[in-house]
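S.K.: This is the structure I have questions about; it appears just below.
The values are calculated or read from the model by the stated rules, or taken from the named source; none is laboratory data. The shown structure was predicted, so the numbers you read here are calculated from the model rather than taken from an experiment. No Cβ is skipped: glycine too gets one built from the backbone with ideal geometry, and neighbour counts run over all protein chains shown.
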Amino acid sequence: MNKTTNSPAAPRPAAIGPATRPRAALFDMDGVLFDSMPNHAYSWSHAMTQFGLQMTAREAYMNEGRTGSGTINILARRCWGRDATEEEIQRIYQAKSQLFNALPQAKPMPGALQALTAARERGLTIVLVTGSAQASLLERLEAHFPGFFSPERMVTGFDVKHGKPHPEPYLMGLARAGITAREAVVVENAPLGVEAGHAAGIFTLAANTGPLPDQVLSQAGADLVLPHMQAVAEWFMALPPAQ
Ligand code: CA
């Protein structure tokens, strides 16, 4: 039974945290480390329009983290009453990538560097868990967040069989850090990513860096919804210092 009322969700106590002192922080990338979601939403909705599929920007945010073919098929079923063919998927995804690549590169998310710095200062191992599969990903991370990421502590779209909201990416992230779910914290921004972290049994912080209401993230399973990455940095700073 849903006990949601019309009043906004009460803020949760700041002391809420994972079951034990966290030993690792599993960071998502798009919408968490980079302010790239407006570019993704724009290129998705415009590419879909070229093929007669209507996708609002909100829908792009709701489906953030889903595979390209999964996203295309949701729209195809609704607008065409059938799945897209392999060829259609390829053409739409190519159009989306072209539009995306023509946009200026997304800037780092304000507060992301502070959040990474605070997590590291508190002794946490930092792991990247993204559905993105760009060959130049590490170089880009290194350019903006030097020294925080390394190939052995990264899970990307190349590594997993199931994308978010499946827990596999985060379970793999735990394995990379050599820890259990109770010893980790996930930092996410999107409903499907939150669902994945929650399904992996990990305490999941949602930084609401996009246009969706906080409630969408709470309902997806976020243990705590914070308004931006600066607040995530403050959350890490509030952890007891590393021994
Ligand atoms: Ca994301």
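S.K.: Limited to region 165-209, what total is found for residues that are assigned to a loop (DSSP other than H, G, I, E, B) and either in contact with a Phe, Trp or Tyr (Cβ under 8 Å, 6 or more places away or on another chain) or not assigned by TED's automatic domain parsing to the domain that holds Arg120 (or both)? Write out each step before concluding.
M.R.: Going through region 165-209, the residues assigned to a loop (DSSP other than H, G, I, E, B) turn out to be 165-167, 178-180, 189-190, 200-202, 208-209.
So of that shortlist, the ones also either in contact with a Phe, Trp or Tyr (Cβ under 8 Å, 6 or more places away or on another chain) or not assigned by TED's automatic domain parsing to the domain that holds Arg120 (or both) come out as 190, 200, 202.
Selection size over region 165-209: 3.
S.K.: Within region 20-34, can you find the residues that are more than 11 Å from the ligand (Cβ to nearest atom) and charged (D, E, K, R)? Walk me through how you get there before you give the answer.
M.R.: First, pick out the residues of region 20-34 that are more than 11 Å from the ligand (Cβ to nearest atom): 20-26.
Correct list: Arg21, Arg23.
S.K.: Hey, another quick one. Would you check which residues across region 200-219 are in contact (Cβ under 8 Å) with a residue 60 or more places away in the chain and surrounded by fewer than 21 Cβ atoms within 10 Å (Cβ to Cβ) and list them?
M.R.: Answer for region 200-219, where residues must be in contact (Cβ under 8 Å) with a residue 60 or more places away in the chain and surrounded by fewer than 21 Cβ atoms within 10 Å (Cβ to Cβ): Pro211, Leu212, Asp214, Gln215, Val216, Ser218.
S.K.: Let me ask something else about it. Here are some conditions: (1) touching a residue at least 40 places away in the same chain (Cβ under 8 Å); (2) buried (at least 23 other Cβ atoms within 10 Å of the Cβ); (3) not charged (D, E, K, R). Ala222 meets all but one. Which one does it not meet?
M.R.: (1)
S.K.: Can you tell me which residue within region 54-67, out of those that are surrounded by fewer than 20 Cβ atoms within 10 Å (Cβ to Cβ) and over 13 Å from the mean Cα position of the chain (by Cα), is farthest from the ligand (Cβ to nearest atom)?
M.R.: Per the criteria, the residue is Gln54.
S.K.: Hey, another quick one. Kindly establish whether Met48 is within 15 Å of the ligand (Cβ to nearest atom) and either within 24 Å of the chain's Cα centre (by Cα) or modelled with pLDDT of 95 or more (or both).
M.R.: Spelling it out, it is not the case that Met48 is within 15 Å of the ligand (Cβ to nearest atom) and either within 24 Å of the chain's Cα centre (by Cα) or modelled with pLDDT of 95 or more (or both).
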